[in-house]
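Chemist: One structure, pasted below without further comment.
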Amino acid sequence: MKIADRVNILTPSLTLAISAKAKAMKAEGIDICSFSAGEPDFDTPVHIRDAAKLALDQGKTRYGPTAGEPQLREAIAQKFQRDSGLNYQPTNVIVTNGGKHSIFNLVLALVNPGDEVIIPAPYWVSYPEMVKIAGGKPVIVPTTEETGYKITPAQLRSAITEKTKLFVMNSPSNPTGMVYSLSELEELAAIIVEKDILVVSDEIYEKIVYDDTKHFSIASLNPEIYRRTLISNGFAKAYAMTGWRVGYLVGAEEIIKACNLIQDHATSNVCTFAQYGAIAALNSDQSCVEVMRQSFAERRAIIYDLINAIPGISCCQPQGAFYMFVNISQTGLNSLDFCNGLLQTQQVAVIPGIAFGDDHHIRISYATDLPTIEKGMARLASFVQSL
Ligand code: PLP
């Protein structure tokens with residue numbers, strides 16, 4: 001059997017592979033501390049589950065419109081008005097099978113073979129692969145700890161060519177936790193507008209920010225950047241709804257229509273009763289989001305101290321999301337060898353930075369309980385000491 005070339009050029013998702021390995025080891029009864037999954041450890045809040053159960057009982061079990069239930073598209077449009085002062089109509093919204101699917105649709109809708117897509121590294125694992133599936137060229141722009149893992153305006157400017165179609169932004173970031181400030185966004189937006197390219201802003205961690213950090217959507221800066229921005233978001237992280245597979249994309253109607261056409265022939269609508277859970281998530285009291293955020297904040301403070309107390313590794317304080325991006329360069333190991341060694345000898349699962357385009361770091365998700373964090377970081381310390 002001959003598999004298509006578009007599959008052979010793909011890099012398997014190391015995050016999914018390591019999470020699966022850790023789960024399998026756990027199932028065998030091995031005492032694993034897993035920091036690999038990018039998912040909140042909380043259950044979906046009760047009122048959201050209840051809304052989906054009710055929808056099931058009310059017979060919301062049939063095909064619906066590809067772009068989503070009208071009530072959900074409306075609720076999403078209202079959310080942007082409420083949270084970011086952004087004016088979208090339901091026709092600017094498509095509901096997708098998670099945030100991942102919304103970016104996938106978008107890349108398929110925009111990128112022609114040979115088109116370039118600018119992706120700052122460290123990046124979320126799937127961005128370059130999606131571009132490759134579409135036949136496009138991922139243009140990876142490395143960033144460093146010194147710039148807080150942020151692309152600088154000069155870097156963006158010099159990465160743009162005649163072939164650039166799209167710039168991918170992710171703030172708060174997976175894997176670094178960095179968050180662009182308003183003034184940084186303004187500088188990037190000016191270049192995007194001047195060079196007349198499009199930007200997709202992946203805002204899936206927008207609700208998970210710490211201290212005085214504020215999340216701003218680049219689309220909200222001015223009408224010119226608004227016209228060139230697509231925003232991807234979803235329910236997975238803010239509402240602990242990873243398995244529900246509900247996300248969305250908003251932006252220019254013409255592009256949303258193109259995504260709709262692709263989705264018509266791929267997945268059709270997102271699970272109908274799951275969308276009713278999503279409606280309840282957006283239209284109900286938001287205190288559940290804050291309760292989970294506070295919990296992440298508490299864990300962040302503890303894990304930050306524990307990691308930085310280990311001689312030979314270090315990390316910056318992330319401003320958002322729920323990941324520590326830990327510098328392991330002093331250990332002399334590449335990130336994959338480090339992670340394999342840590343899993344084999346200490347039964348601690350973390351993700352090698354190479355998955356995100358940076359071989360000098362590992363990613364530790366702290367969306368897990370405090371006893372696991374304490375035990376896991378003690379094991380990490382033993383591992384580093386043993387090197
Ligand atoms: N974008 C980023 C940066 C992510 O970390 C994730 C999930 O890990 C997603 C998008 C996709 O989320 P989902 O498809 O579960 O909504």
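The values are calculated or read from the model by the stated rules, or taken from the named source; none is laboratory data. Remember, it's a predicted structure, so these values are computed and weren't measured experimentally. In this analysis, Cβ positions are derived from the backbone assuming ideal geometry, glycine residues included, and neighbour counts consider all displayed protein chains. The accessibility values were calculated without ligands, DNA or RNA, using every heavy atom of the protein model including side chains. Shrake-Rupley method; radii C 1.70, N 1.55, O 1.52, S 1.80 Å.
Chemist: Take region 335-366 and flag every residue that is outside any strand (DSSP E or B), among the aliphatic types (A, V, I, L, M) and open to solvent by less than 10 Å² (accessible area, probe 1.4 Å).
Modeler: Matches in region 335-366: 342, 343, 350.
Chemist: Here is a follow-up. Restricting region 39-79 to residues that are touching a residue at least 24 places away in the same chain (Cβ under 8 Å) and among the acidic types (Asp, Glu), which is nearest to residue 234 (Cα to Cα)?
Modeler: 39
Chemist: Could you figure out which of (1) within 16 Å of the ligand (Cβ to nearest atom); (2) surrounded by fewer than 17 Cβ atoms within 10 Å (Cβ to Cβ); (3) of a type outside the set (Phe, Trp, Tyr); (4) part of a loop (DSSP other than H, G, I, E, B) isn't true of residue 243?
Modeler: (4)
Chemist: Which residues, counting only those in region 254-268, are open to solvent by 20 Å² or more (accessible area, probe 1.4 Å) and either in contact with a strand residue (DSSP E or B) (Cβ under 9 Å, 6 or more places away or on another chain) or more than 12 Å from residue 107 (Cα to Cα) (or both)?
Modeler: 254, 255, 257, 260, 261, 264, 265, 266, 267, 268
Chemist: Considering only region 294-321, how many residues are within 16 Å of the ligand (Cβ to nearest atom) and open to solvent by less than 50 Å² (accessible area, probe 1.4 Å)?
Modeler: The qualifying residues number 4.
Chemist: Let me ask something additional. Please enumerate the residues belonging to region 271-292 that are within 16 Å of the ligand (Cβ to nearest atom) and either part of a helix (DSSP H, G or I) or among the polar types (S, T, N, Q) (or both).
Modeler: If the condition is that a residue be within 16 Å of the ligand (Cβ to nearest atom) and either part of a helix (DSSP H, G or I) or among the polar types (S, T, N, Q) (or both), then 274, 275, 277, 278, 281, 282, 289, 292 are the ones that fit.
Chemist: Next up: With respect to the numbered conditions (1) within 18 Å of residue 196 (Cα to Cα); (2) away from the ligand (no atom under 16 Å from the Cβ); (3) out of contact with any Lys or Arg (no Cβ under 9 Å at 6 or more places or on another chain); (4) open to solvent by less than 40 Å² (accessible area, probe 1.4 Å), which one is the sole condition not fulfilled by residue 148?
Modeler: So residue 148 meets the others, but not (1).
Chemist: Read through the list (1) within 21 Å of residue 243 (Cβ to Cβ); (2) more than 15 Å from the ligand (Cβ to nearest atom), then give the number of the only condition that residue 74 fails.
Modeler: For residue 74, the exception is condition (1).
Chemist: Next question, about the same structure. Using beta carbons and a limit of 6 Å, which pairs, at least six apart or on different chains, have the first residue in region 89-117 and within 20 Å of residue 74 (Cα to Cα) and the second one within 11 Å of the ligand (Cβ to nearest atom) and open to solvent by 30 Å² or more (accessible area, probe 1.4 Å)?
Modeler: Close Cβ pairs (under 6 Å, with a partner that is within 11 Å of the ligand (Cβ to nearest atom) and open to solvent by 30 Å² or more (accessible area, probe 1.4 Å)) amount to 97/245; 98/245.
Chemist: Where residues in region 181-205 are without any contact (Cβ under 8 Å) to a residue 60 or more places away in the chain and under 15 Å from the mean Cα position of the chain (by Cα), which of them is nearest to the ligand (Cβ to nearest atom)?
Modeler: Applying the filter and picking the extreme gives 203.
Chemist: Also, I was wondering about something else. Suppose we keep only residues that are open to solvent by less than 40 Å² (accessible area, probe 1.4 Å) and assigned to a loop (DSSP other than H, G, I, E, B) within region 37-58. Which one would you say is nearest to residue 21 (Cα to Cα)?
Modeler: 37
Chemist: When residue 47 is evaluated against the numbered criteria (1) in contact with a Ser or Thr (Cβ under 6 Å, 6 or more places away or on another chain); (2) more than 16 Å from the ligand (Cβ to nearest atom); (3) within 20 Å of residue 321 (Cα to Cα), which criterion, by number, is the only one it fails?
Modeler: Failing condition for residue 47: (3).
Chemist: In addition: When you check residue 98 against the structure, is it open to solvent by 20 Å² or more (accessible area, probe 1.4 Å) and either at positive phi or not assigned by TED's automatic domain parsing to the domain that holds residue 173 (or both), yes or no?
Modeler: no
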